[in-house]
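Colleague: Have a look at the structure that comes next, please.
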Amino acid sequence: MLTRKTTLLLVFVLLLLVAFAILFFIAPAVQIALATPTPRSTLAAPTPPLVPTEHAVVTIPLIARVSINTAEYSGMAWYGDNLILLPQYPNRFGIGDGALLSIPKADLLAFLDGKTTSPLIPRYVPLSAPGLTQRVPGFEGFESIGFIGDDVFMTIEAKPGTMMGNLVKGKIASDLSRIQLDATTLLQIPPQAAISNFSDEAMVVAGNKLLTMYEANGAGANPQPVAHVFDQSAQARGFTDGHFLHLTVRPRPVKFVGLLQHGEIPAVDVFIEIQSHQPPFAARRVHHTKEPVL
């Protein structure tokens, strides 16, 4: 039988062993567990869908000689801090091949900020396009414009029998003294539907690429719309080699209006019903929507 002294000695030894185990094994493991952060998911949070804010339309008046109905402005684009307006028929302004018009951003902001209420006075940007209309049978005017640096690009609508779109490249002088188009750069853009008076009438610049888009997109008009892609040399990188971009659109036709951050392209669908053919015209907006489509 163990004596009382021996029993106490054994209990003491067991307590020492337990303390040793806690000190050298259990405690370090607990410290490691506490120091190791809980793994988090490496999956990126989904990007919330873009919901553009629609603002009230603000009418910015231009002086009378450039605000006539026959101006038929069909496109606009920023060149630096100047908004360039493209008439469908530039020869209705200026002399020779005509002119585009330029409005400084500062003038637009001054009007929007209420610093002026006077009609804005655009500046003429003379256009030189020797031999261009002769190279485009059935020429029906310019439809859209875009800039990459000092390179300018325009689409042209034509009906040489059936509808045909065209793309032409040129240069703009940095002082806005001239736009020179090179007729030898013309490229044809076949229409995506057999609809009279419809062609690629919208242009978006994305980096050093151009995207041109057909005027009618959606079920019943153009159920599988694509954007035609061109590089800065105005060489086709889309419909000739099959690397075009498919567009996702609503059932109604849409008009593409620019490029936003993250690559979204907003589209505007506006149908205006003219209720009177005598001035003053009475117009009723039937449908208007703005939504990202890419």
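Colleague: For region 171-230, how many residues are in a loop (DSSP other than H, G, I, E, B) and surrounded by fewer than 15 Cβ atoms within 10 Å (Cβ to Cβ)?
Modeller: Of all residues in region 171-230, those in a loop (DSSP other than H, G, I, E, B) come to 173-178, 190-199, 207-208, 215-217, 219-221, 223-225.
Add one more test, that the residue is surrounded by fewer than 15 Cβ atoms within 10 Å (Cβ to Cβ), and what stays is 173-175, 177-178, 190, 194, 196-197, 207-208, 219-220, 223-224.
Residues in region 171-230 being in a loop (DSSP other than H, G, I, E, B) and surrounded by fewer than 15 Cβ atoms within 10 Å (Cβ to Cβ): 15 in total.
Colleague: Which residue out of Ala71, Ala158, Ala129 is in contact with a strand residue (DSSP E or B) (Cβ under 8 Å, 6 or more places away or on another chain), surrounded by 12 or more Cβ atoms within 10 Å (Cβ to Cβ) and free of Cβ contacts under 8 Å to residues at least 24 places away in the same chain? It would help to see each step written out before you state the result.
Modeller: Working: Ala158 fails: free of Cβ contacts under 8 Å to residues at least 24 places away in the same chain; Ala129 fails: free of Cβ contacts under 8 Å to residues at least 24 places away in the same chain.
Ala71 is the lone residue from the list that is in contact with a strand residue (DSSP E or B) (Cβ under 8 Å, 6 or more places away or on another chain), surrounded by 12 or more Cβ atoms within 10 Å (Cβ to Cβ) and free of Cβ contacts under 8 Å to residues at least 24 places away in the same chain.
Listed here are the residues, each with its yes/no results for (1) surrounded by fewer than 12 Cβ atoms within 10 Å (Cβ to Cβ); (2) among the hydroxyl-bearing types (Ser, Thr, Tyr).
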site	(1), (2)
Ala64	yes, no
Gly75	no, no
Tyr79	no, yes
Leu83	no, no
Pro90	no, no
Ser102	no, yes
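Rundown of residues vs (1) in contact (Cβ under 8 Å) with a residue 60 or more places away in the chain; (2) of a type in the set (Lys, Arg), yes/no style:
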| residue | (1), (2) |
| --- | --- |
| Thr133 | no, no |
| Lys169 | yes, yes |
| Ile172 | yes, no |
| Thr184 | no, no |
| Gln192 | no, no |
| Ile195 | no, no |
| Val205 | yes, no |
| Thr212 | yes, no |
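Since every read-out is calculated from the coordinates, none of them should be taken as a lab result. Only a predicted model underlies this, so the values are computations on that prediction, with no experimental measurement involved. Cβ atoms come from the backbone with ideal geometry, glycine included; neighbour counts cover every protein chain shown.
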